[in-house]
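The values are calculated or read from the model by the stated rules, or taken from the named source; none is laboratory data. These figures come from a predicted structure and were not determined experimentally. When we count neighbours, we look across all protein chains shown, and the Cβ atoms used for this are built from the backbone with ideal geometry, even at glycine. Ligands, DNA and RNA are stripped out before the accessible areas are found, and what is left, the full protein with its side chains, is counted by its heavy atoms. Shrake-Rupley method; radii C 1.70, N 1.55, O 1.52, S 1.80 Å.
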Amino acid sequence: MKILVTGAAGFIGFHVTKVLLAKEHNVVGLDNINDYYDIALKYDRLTTLGIPKEKAEILNKPVNSTVFANNFKFVRMNLEDRELLPTLFENEKFDVVCNLAAQAGVRYSLENPETYIDSNIVGFLNILECSRNHKIKHLVYASSSSVYGLNKKTPFETSDSVDRPISLYAASKKSNELMAHTYSHLYSIPTTGLRFFTVYGPWGRPDMAMFLFTDAIIKGNPIKVFNNGDMERDFTYIDDITEGVIRIIEKKKETTSKSDLYKIYNIGNNNSVKLLDFIKAIEKSLGIKAKMQMLPMQPGDVKKTWANVDGLINEYGYSPNTSVATGIGNFVDWYKQYYKIKPS
């Protein structure tokens, strides 16, 4: 199967690409390698996939992996490019598109709204247009738990109302779902949206809680604990997320009616963990006590997230089973190795 993975230098995209290649799929990875966070981490992810930095930096020209030979190409490209993206689709003849590229971050969207419109709205429209014009068999794309906004009922279910987003990031992801529904209805494109919950693990994003907490605790700095610690998250380990995404990519999309063309699923751990318990698990793994700076709730944040993932369990056999203790231990081990932290 030939698969386009956008956001291939990102956290989830990197892991999905790596597993697809291990399963001997033919993959083209796309990323614009923006500077939302440390680009060195993005280049290092690509290096492990056989794309050295000097090749990854080249704009708009697919380059072959030195590790996976003809099974993996990478191209640095913007999704917003209305000329080059269609050319890529025409040249590569993809079977499936897995769109994981997006401008991420709730708080960042408060100060940089234009970036979210360019990447998450204009870029996604281009993905939809290319999928329509090049007869893509299945478009799998990233949505977010942020779409639930002010929803107070837990666990969150895909049947819940998502009409009250509280950040532009969330609004852009809700827009993606509406756009995908429209294209599925008008052009019979099979689309599957995945509402990701809080994902963590090795190679994770530096702006996420797992990374921020570990980095601060090791350096002896205080960690910022919002809403005075009275928060809960459906923390989901990256291997569980990747396994779910791969199952959806590999399973032939059965469409017996118009409604089957468009699907939305929660993808999370099926559990909610108290933030303070998560911090305690990090402390235990590091063997260091955290210094906590208690702060009020931030604009755009929600108090609790919890995914009902019955849809993926029933239809795809999805089975998130990595404990928080195991997942945190794996991240801490990776962090110490990556940043060459010597044992104390």
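Set side by side, the residues 280, 303 differ, and just one is without any contact (Cβ under 8 Å) to a residue 12 or more places away in the chain, more than 17 Å from residue 193 (Cα to Cα) and charged (D, E, K, R), which is 280.
A quick yes/no check of all residues on (1) touching a Phe, Trp or Tyr at 6+ places or on another chain (Cβ under 7 Å); (2) within 18 Å of residue 175 (Cα to Cα):
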site	(1), (2)
92	no, no
96	no, no
117	no, yes
144	yes, yes
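Between 172, 184, the distinction of being outside any loop (DSSP other than H, G, I, E, B), of a type outside the set (A, V, I, L, M, F, W, C), touching a residue at least 12 places away in the same chain (Cβ under 8 Å) and out of contact with any strand residue (DSSP E or B) (no Cβ under 8 Å at 6 or more places or on another chain) belongs to 172 only. Across the range 133-148, the number of residues qualifying as part of a loop (DSSP other than H, G, I, E, B) and under 18 Å from the mean Cα position of the chain (by Cα) comes to 0.
Given 67, 5, which one is open to solvent by 60 Å² or more (accessible area, probe 1.4 Å), within 22 Å of residue 249 (Cβ to Cβ), in contact with a Gly (Cβ under 7 Å, 6 or more places away or on another chain) and touching a residue at least 12 places away in the same chain (Cβ under 8 Å)? Just a single option satisfies the conditions, and that option is 67. Applying the criterion of being touching a residue at least 12 places away in the same chain (Cβ under 8 Å), outside any loop (DSSP other than H, G, I, E, B) and not hydrophobic (A, V, I, L, M, F, W, C) to the residues of the range 45-63, the residue that is surrounded by the most Cβ atoms within 10 Å (Cβ to Cβ) is 45. Open to solvent by less than 40 Å² (accessible area, probe 1.4 Å) and acidic (Asp, Glu) - does that describe any residue in the range 104-118? No: zero hits. Would you please name the residue that is least open to solvent (accessible area, probe 1.4 Å), looking only at residues in the range 70-94 that are of a type in the set (Asp, Glu) and either free of Cβ contacts under 8 Å to residues at least 24 places away in the same chain or not in a helix (DSSP H, G or I) (or both)? Checking each candidate, the answer is 81. Across the range 115-122, not a single residue is classified as more than 30 Å from residue 329 (Cα to Cα), in a strand (DSSP E or B), at pLDDT 95 or above and among the hydrophobic types (A, V, I, L, M, F, W, C). When each of 36, 43 is tested for being out of contact with any strand residue (DSSP E or B) (no Cβ under 6 Å at 6 or more places or on another chain), among the hydroxyl-bearing types (Ser, Thr, Tyr) and closer than 21 Å to residue 124 by Cβ, the lone residue that passes is 36. Which residues, taken from the range 307-337, are more than 19 Å from residue 243 (Cα to Cα) and touching a Phe, Trp or Tyr at 6+ places or on another chain (Cβ under 8 Å)? 334, 335 - these are the residues of the range 307-337 that are more than 19 Å from residue 243 (Cα to Cα) and touching a Phe, Trp or Tyr at 6+ places or on another chain (Cβ under 8 Å).
For the range 11-43, residues that are without any contact (Cβ under 8 Å) to a residue 24 or more places away in the chain and either open to solvent by 50 Å² or more (accessible area, probe 1.4 Å) or under 22 Å from residue 93 (Cα atoms) (or both) total 3. Could you tell me whether the range 106-114 includes any residue that is among the β-branched types (Val, Ile, Thr), over 19 Å from residue 182 (Cβ atoms) and within 15 Å of the chain's Cα centre (by Cα)? Yes: one or more hits. Filtering the range 159-167 for residues that are outside any strand (DSSP E or B), among the polar types (S, T, N, Q) and open to solvent by 50 Å² or more (accessible area, probe 1.4 Å) leaves a non-empty set.
Considering each of 57, 80, 111, 24 in turn, give the residue that is among the acidic types (Asp, Glu) and under 25 Å from residue 189 (Cβ atoms).
Unique residue meeting the criteria: 80.
A single member of 186, 128, 150, 139 is among the aliphatic types (A, V, I, L, M) and at pLDDT below 95, and it is 150.
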